Each structure stands twice: as C-alpha cells, then as structure tokens.
Amino acid sequence: MDPAAAAVAANPLRPRRTSYLVAVLIAVGSVLAAPAVLFLIPAGGDLGQRITPGQPVTVHVPEAGKMVWAKDRGSQNFPGVGCAPSPADTQGLGWTTVSMRPDDVTLNANGERWRGVMMVHAQPAGTYTVTCTASAADGTPSLSIGDPPRFHNPRSKALAVLAASVLASLGVLVGAVLAVVVAVRRWRRRSS
C-alpha cells in the first residue's frame, strides 16, 4: 500500500471558496424570503355566499369563524349588521360576534370592494341557519358571509411578523456559522 495515498485519504480536502458563496446565498435568501412571508403569500379570504338581509341562510361555521362582508359603496356609513342563529340551533350553542370595523379589513372580488364588518364564531363548530340583518341610511346593503383573510387580527399579524423575523435571523445565523466553519477548516488545512 502506498503511504502517500493513505495520507491523502486521511486528510480532509480543503474547502473551496464556493462554500463562502453558498453561505452568502443562504443568508441573503432567508432575508429575501422574510418579506415574502408577509407580502407574497396570499392573505386568503373569500366572499363565500351572498346574504339577503333578513333571510335565513345555511352556513358552515368552522372554529376559526366566518367573516361577514358588506359591499363598499364609497360612503363612510357602513351598515349596522347583526347575525344570529335560528332559535332551533341555539340549544347548547355558544354564539359570539366581533365587530371588525376598526380593523379596516377589505377584499376585492369580481371588481367590487367589500369590507369586513364582523366575525361570527360558533361553539361547537358546525352548520347553522343564520339570519343577518342590516340597517343603513342609504338603502339595503349587499352582504356576504365567507372566510376571513389569514392575517385579519393583531395576533395573526404579530405571528406573521415573528415568523418572518425568525426566518431571516435563522438564515443569517446559518450562513454565518457555515462561513466560520469553512474559514476554520481552510485555516487548519493551510497550517498543517
């Protein structure tokens, strides 16, 4: 057996400078991916089904709840909306509504702008017959009940910002550790 060949096999090869490029690409990629988490991922939300105020409609209310949307007619006077389950559904039902007016949640669908006016939650989740009423000074508003956007409340917005920050920080940390490991291996190889 050739001792020179054994010596070469025992020593790890010196890392190439392209390893630094990989470290930089990881760091830069994670920093660029962080805004994508906030801005490029679809926020979701849909109109679901149209509601005629005062008419009962059957709707599935998941644990996350449903958003009641009102068609934006350009005025600042949004309708006073109230939604309640039918009396037959109220046995053992925990029904809550939360006004969304201060949050300015909007959705564009079919060339129309809709504004989230309230969230409805049912405990337990299930299919219920719901009647929504609306009062507006300038006529009967168009209403719809559908899914809320992913980031519609302060908690979900804060979690999205936290996820983006962790993604960027973790990528920069991994890139820095990789660069340090490569530098140490190159230095050790050079000194031996």
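The values are calculated or read from the model by the stated rules, or taken from the named source; none is laboratory data. Not measured: the values here are computed from a predicted model. So basically every Cβ, Gly included, is an ideal-geometry build from the backbone, and we count neighbours across all protein chains shown. Surface accessibility is based on the protein's heavy atoms, side chains included, excluding ligands, DNA and RNA. Shrake-Rupley method; radii C 1.70, N 1.55, O 1.52, S 1.80 Å.
Observations
- Among the residues of segment 49-59, none qualifies, meaning not one is open to solvent by 70 Å² or more (accessible area, probe 1.4 Å) and at pLDDT below 85.
- Counted residues, segment 60-94 - those being at pLDDT 75 or above and among the polar types (S, T, N, Q): 1
- For segment 107-131, the set of residues classified as in contact with a Pro (Cβ under 6 Å, 6 or more places away or on another chain) and part of a strand (DSSP E or B) consists of Tyr128, Thr129, Val130, Thr131, listed by residue number.
- Positions within segment 169-188 being within 17 Å of Ala34 (Cα to Cα), open to solvent by less than 80 Å² (accessible area, probe 1.4 Å) and of a type in the set (A, V, I, L, M, F, W, C), in sequence order: Val172, Val174
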